[in-house]
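Some notes on the structure that comes next.
The values are calculated or read from the model by the stated rules, or taken from the named source; none is laboratory data. Quick caveat, the model's predicted, so the values are computed rather than measured. Note that each Cβ is placed from the backbone with ideal geometry, even for glycine, and that neighbours are counted across all protein chains shown.
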Amino acid sequence: MTGRRSATGAGPVLWRIGEVAKLTGVTTRTLRYWEEIGLLQPSSRTDSGERLYAPADVARVTRIRNLQELLGFSLDEVQAVLSTGDVDVLDRVHSELKAGDLSRSRRRMLLEEAIVANDQLVDRLDDTLSRIHAFRDERAAIAIRLRDARDQLDQDTSS
């Protein structure tokens, strides 16, 4: 999939919804639903209303999938992580740094902004992971108690 240039021909490569679905392994229905709940917005639309996605949008789709599949986040949790704007700040800073031709002071300012946003994101992820670990530990303790109760029942019946 190579996508296509924006209407002016000068902008970034843009992909149609079906192309993004194939690139990312999600369905077009999922992409529309994520748009409906405010999790994803296409970068632009054609005159006929067709959704067009930029590379940053495709990266966001991949990020959402990773949060769901790798960390087991619900869509509400994904939305909480992404809604703070830290990820958007990091994407914007990355794009601006990649564009180049920045003064040393502007690059430094962007890097400082990225450090703050990234640290805040890491803190939230650490908090979420801590809650996941606590939940896992609770379930493991329950599993031990259930097995003990079963074993006790088996001993009582065999006596």
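So is L102 at pLDDT 80 or above and not in a helix (DSSP H, G or I) or not?
Judged against the criteria, L102 is a match.
If you scan segment 96-126, which residues turn out to be hydroxyl-bearing (S, T, Y) and surrounded by 14 or more Cβ atoms within 10 Å (Cβ to Cβ)?
Passing the criteria: none in range.
Hey, could you check segment 127-159 for residues that are at pLDDT below 90, surrounded by 10 or more Cβ atoms within 10 Å (Cβ to Cβ) and of a type outside the set (A, V, I, L, M) and say which is farthest from S95 (Cα to Cα)?
R131
Pull out all pairs, ordered by first then second residue, where Cβ-Cβ is under 8 Å, the residues are six or more apart or on different chains, the first lies in segment 122-151 and is in contact (Cβ under 8 Å) with a residue 40 or more places away in the chain, and the second is surrounded by fewer than 10 Cβ atoms within 10 Å (Cβ to Cβ) and assigned to a helix (DSSP H, G or I).
Filtered contacts from segment 122-151: no entries.
Please verify whether segment 113-125 includes one or more residues that are under 19 Å from T24 (Cα atoms), in a helix (DSSP H, G or I) and not charged (D, E, K, R).
No, that holds for no residue.
Test L67 against the criterion of being assigned to a helix (DSSP H, G or I), surrounded by 15 or more Cβ atoms within 10 Å (Cβ to Cβ) and either touching a strand residue (DSSP E or B) at 6+ places or on another chain (Cβ under 9 Å) or modelled with pLDDT under 95 (or both), and give yes or no.
Yes; evaluated as a whole, the condition is true for this residue.
Find the residue count for segment 20-52, including only residues that are touching a residue at least 24 places away in the same chain (Cβ under 8 Å), under 14 Å from R65 (Cβ atoms) and not in a loop (DSSP other than H, G, I, E, B).
5
Do we find that S83 is within 19 Å of L71 (Cβ to Cβ), surrounded by 10 or more Cβ atoms within 10 Å (Cβ to Cβ) and small (G, A, S) in this structure?
yes
Within segment 65-88, track down each residue that is in contact (Cβ under 8 Å) with a residue 60 or more places away in the chain and of a type in the set (G, A, S).
Residue satisfying the conditions is G72 alone.
Going residue by residue through segment 54-61, is there one that turns out to be more than 15 Å from the chain's Cα centre (by Cα), within 27 Å of N118 (Cα to Cα), assigned to a loop (DSSP other than H, G, I, E, B) and modelled with pLDDT of 90 or more?
Yes, segment 54-61 contains at least one residue that is more than 15 Å from the chain's Cα centre (by Cα), within 27 Å of N118 (Cα to Cα), assigned to a loop (DSSP other than H, G, I, E, B) and modelled with pLDDT of 90 or more.
Could you please tell me which pairs satisfy a Cβ distance under 8 Å, a separation of 6+ or placement on different chains, a first residue in segment 90-108 that is closer than 20 Å to A59 by Cα, and a second residue that is assigned to a helix (DSSP H, G or I) and among the basic types (K, R)?
Pairs found: D91/R60; L97/R107.
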